[in-house]
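Structure first, commentary second.
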Protein chains: 2
Amino acid sequence: MTQVETKASVMEDVLGANDALAQGNRHEFDHAGNYVVNMMSSPGAGKTTLLERTLERMGSEIRIGVLEGDVQTTLDADRLERFNIPITQVNTDPGFGGECHLDANMVRHGLPALPLHDIEVLIIENVGNLVCPAEFRVGENSRVMVFSVTEGEDKPVKYPLMFRSVELVLVNKVDLLPHLDFDMELFHRNLDAVNPGVQRILMSARSGEGVDEWCSWLRKHRADAPPAFVASGHHYH
Amino acid sequence: MTQVETKASVMEDVLGANDALAQGNRHEFDHAGNYVVNMMSSPGAGKTTLLERTLERMGSEIRIGVLEGDVQTTLDADRLERFNIPITQVNTDPGFGGECHLDANMVRHGLPALPLHDIEVLIIENVGNLVCPAEFRVGENSRVMVFSVTEGEDKPVKYPLMFRSVELVLVNKVDLLPHLDFDMELFHRNLDAVNPGVQRILMSARSGEGVDEWCSWLRKHRADAPPAFVASGHHYH
């Protein structure tokens, strides 16, 4: 169908331009020695609460910065203010309901507000959405998603690109499992169907269960990341 | 900023074309005597479970049809198969992770598979997303959203267009309230801040609480809808 083909080729251009800007961001991150995590989820899956738990545990050990993406408001940034960390807010708002994701250009516009050379780990909290954020690289080292068990075990197969694009799935709100009809075994099967063997951590940002395991993951991945200045303009995937 | 202006004007064209197609759909619905509900929510807020409860209660009273929008899979349509109702699935899949919403053209492509003249109420289950579905009219009479209390009381102010664009908010999963830190009073204030006084029904598709009230709403709104054939090509908002 011609219309679909045209749309596909326009989308290829958009993604091509985005990738070029993402490489620029990545170069800047590498230069500053940042390990960058793109954190994605549905609305209300628990990203900000997890950031609070993470900062409580690791804030004095690793210099963490946060870039908050939201359609509107600075509510999430406000919740993290008490930690006195470098934080900036990118609102995707202008007109038409706002963009439903962060792209590399929006992230690029947020960077001057952050002292990148004083940051070791930068966490980018994406807009709550299981579709489009997965399509746009922003220059990150790692992609992580927070999945809430309240959303149901069928989500990996219904939103496959998101679950396929990440290297870690934080399975959140497991403290609610006794009150839900959530089939954990089927969830694992669905997740393996779209991203075989992908690492997953069962956790509850509310009860604290699994948060240490996530912090270990972050610590290890930051330590294993290639050192800064390795190669200017190098490619990534 | 020029880039933002260009983007805004492209978006205006897209929405203009969408509105024209939405009016075409609406004309077809009016002609067939359909009352059409565009049902929106985050992923996993409980739209499909609510449809199951609705069909159990009203399936023999009103001829209900369903148009399912999903990025991938026919899982939701499969769950409704036992009701033997007219149902069709529109997958928004092709390439790039799939569209994150239904638009009027996608709905238009799904209509030939439905016997519209045998349907009284058509429920369009949109893609799970709190941003873009609100931007695209599809020819519906009413917009309804399912909001799950597990998502947190801040969502109306974080995703204002969605909460502002609907005439009914179904506040779902209230059976989980004893296990959550959900501030219901603050939620009501946040909702009123973006859509003052909008009707809301506290419910649980799982326990059945509030489902009768929703069915009454649907019954009344269908009955109050203008009769079919009133005016060909009339406008709506």
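Observations on the structure shown:
- Looking only at the range A:36-67, and only at residues there that are within 17 Å of residue B:181 (Cβ to Cβ) and out of contact with any strand residue (DSSP E or B) (no Cβ under 8 Å at 6 or more places or on another chain), the one that is farthest from the other protein chains (Cβ to nearest Cβ): A:56
- Leading residue by the ranking (nearest to the other protein chains (Cβ to nearest Cβ)) among those in the range A:111-132 that are assigned to a helix (DSSP H, G or I) and at pLDDT 95 or above: A:112
- Matching entry among A:223, A:193 (being at pLDDT below 95 and assigned to a helix (DSSP H, G or I)): A:223
- Residue within the range B:203-224 that is in contact with a helix residue (DSSP H, G or I) (Cβ under 9 Å, 6 or more places away or on another chain), within 18 Å of residue B:41 (Cα to Cα), charged (D, E, K, R) and more than 14 Å from chain A (Cβ to nearest Cβ) present: no
- Residues in the range B:112-140 that are surrounded by fewer than 21 Cβ atoms within 10 Å (Cβ to Cβ) and under 24 Å from residue A:159 (Cα atoms): B:135 alone.
- Consider the range B:156-180 and keep the residues that are at the interface with chain A (Cβ under 10 Å from one of its Cβ atoms) and assigned to a loop (DSSP other than H, G, I, E, B). The one that is farthest from the chain's Cα centre (by Cα) is B:180.
- When B:97, B:16 are screened for being closer than 27 Å to residue A:12 by Cβ, surrounded by 17 or more Cβ atoms within 10 Å (Cβ to Cβ), modelled with pLDDT under 90 and over 19 Å from the mean Cα position of the chain (by Cα), only B:97 passes.
- When residue A:24 is tested against (1) at pLDDT 95 or above; (2) out of contact with any Phe, Trp or Tyr (no Cβ under 8 Å at 6 or more places or on another chain); (3) buried (at least 19 other Cβ atoms within 10 Å of the Cβ), exactly one condition is not met: (3).
- The range B:68-94 - residue that is at the interface with another protein chain (Cβ under 9 Å from one of its Cβ atoms) and assigned to a loop (DSSP other than H, G, I, E, B) and, of those, modelled with the lowest pLDDT: B:94
- Residues (assigned to a strand (DSSP E or B), hydroxyl-bearing (Ser, Thr, Tyr) and surrounded by 24 or more Cβ atoms within 10 Å (Cβ to Cβ)) located in the range B:141-155: B:148
- Scanning the range A:100-110 for residues that are outside any helix (DSSP H, G or I) and either of a type in the set (Val, Ile, Thr) or within 13 Å of the chain's Cα centre (by Cα) (or both) yields A:101, A:102, A:103.
- Whichever residue in the range A:47-61 is of a type in the set (Ser, Thr, Tyr) and at pLDDT 95 or above and, among such residues, is nearest to residue A:87 (Cα to Cα): A:48
The values are calculated or read from the model by the stated rules, or taken from the named source; none is laboratory data. Treat the numbers as computed from the prediction; the structure is a model and nothing was measured. Glycine gets a Cβ as well: all are built from the backbone with ideal geometry, and neighbour counts include every protein chain shown.
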